[in-house]
Amino acid sequence: MTIDRGRLGWGVFFVTVGVVALAVRFGWVDPAWFEGIWRLWPLILVGIGVGLILRRTAFAALGDLIVGLTFGLMIGGVLATPINTGLSCLPSGAASGTPFEQSGTLTSDTAEIDITFPCAEVVIASSTGSGWTVTGTGIDAGTIAVDADDDALTVQRSGGPNFWGQGTAGRLDVALPTQPRLDLEIDASAGSVAATLSGTTIDSLDMSVNAGEATVLLAEASLESFSASVNAGSATLSLPATSWSGSASANAGSIAICVPAGAAARVTTSAALGSVDGGEGWNETEDGWATDAWIAAGEGAEMTLSVNLGSAELRVGGCE
């Protein structure tokens, strides 16, 4: 009998979700056991690794089995147990009528930027020169924490990056300078981030999307490297035509990766209970996808892409 690996993973996933739900509903298992079930997520990486190691053997399906079982336990536990309303963005009530604005200057050659402002609409744009500005609208000014120095800027909700229980109202605008070079960290948790960073020079980008959405447009920026993680959310990442390197993952979420027309780029992919779709201008290879320009030149930008119970789309243009 021949086993379809893709269907095996999905089958194990759905069976596990159903068994967990029945076990909790009929009292066979204490629901409290599933409260920390998300901590099993490293097993997903184990399953992917096992699948890669055994991919050309009769035991190749073992990796999909591990991934399907782990996701089934995690999703089944979430669906079968009561939702704790303390673990979400809560309505914020009346918004602050006091606008917030703070500005400064980055005078060093490089600067570290950390924007972690959950449960809100965050808009990030570039500004010519070395000055930055943070503006809050419809947000309690007392909840906006800005820490700045000559070579660093941190924007968070007061109390730190933990977003559980925060309000959802309001918009935060952040203008980042085109000088100096930036190491940029963006966290979109239970909210939204829209960033257009034309003219900036970014040495590294670290983007995390958790139960939120993010659009980061870098087609007209200079980028060295990036890392993007999407968990139960969605993200769009528009990359420049330069020779960058990076990695991205979509876990129970979706991500779109875009490059300009004529860009030479290659994406090495792995998918467990997920899909990767290369659009026009992308060519499927033995281990992923490559643009026409990469095929012609044999070199260019490179990234790895992992999709677990999610989806990814590769585009040439189309993200603006």
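The values are calculated or read from the model by the stated rules, or taken from the named source; none is laboratory data. Computed from a prediction, not measured in an experiment: that's the story for all the values here. Virtual Cβ from ideal backbone geometry, glycine too; neighbours counted across all protein chains shown. To get the accessible areas, we keep the full protein, side chains included, count just its heavy atoms, and leave off ligands, DNA and RNA. Shrake-Rupley method; radii C 1.70, N 1.55, O 1.52, S 1.80 Å.
Of note:
- If the condition is being on the phi > 0 side of the Ramachandran plot and either loosely packed, with under 14 Cβ neighbours inside 10 Å or not in a strand (DSSP E or B) (or both), then the range 276-320 contributes GLY281, GLY298, GLY300, LEU309, GLY317, GLY318.
- Pairs, first without any contact (Cβ under 8 Å) to a residue 12 or more places away in the chain in the range 215-232, second assigned to a strand (DSSP E or B), C-beta under 6 Å, six or more apart: none
- Count of the range 47-70 residues which are in a loop (DSSP other than H, G, I, E, B) and surrounded by 19 or more Cβ atoms within 10 Å (Cβ to Cβ): 0
- For the range 143-169, the candidate set comprises residues that are modelled with pLDDT of 85 or more and out of contact with any Ser or Thr (no Cβ under 6 Å at 6 or more places or on another chain); within that set, the residue that is most open to solvent (accessible area, probe 1.4 Å) is ASP149.
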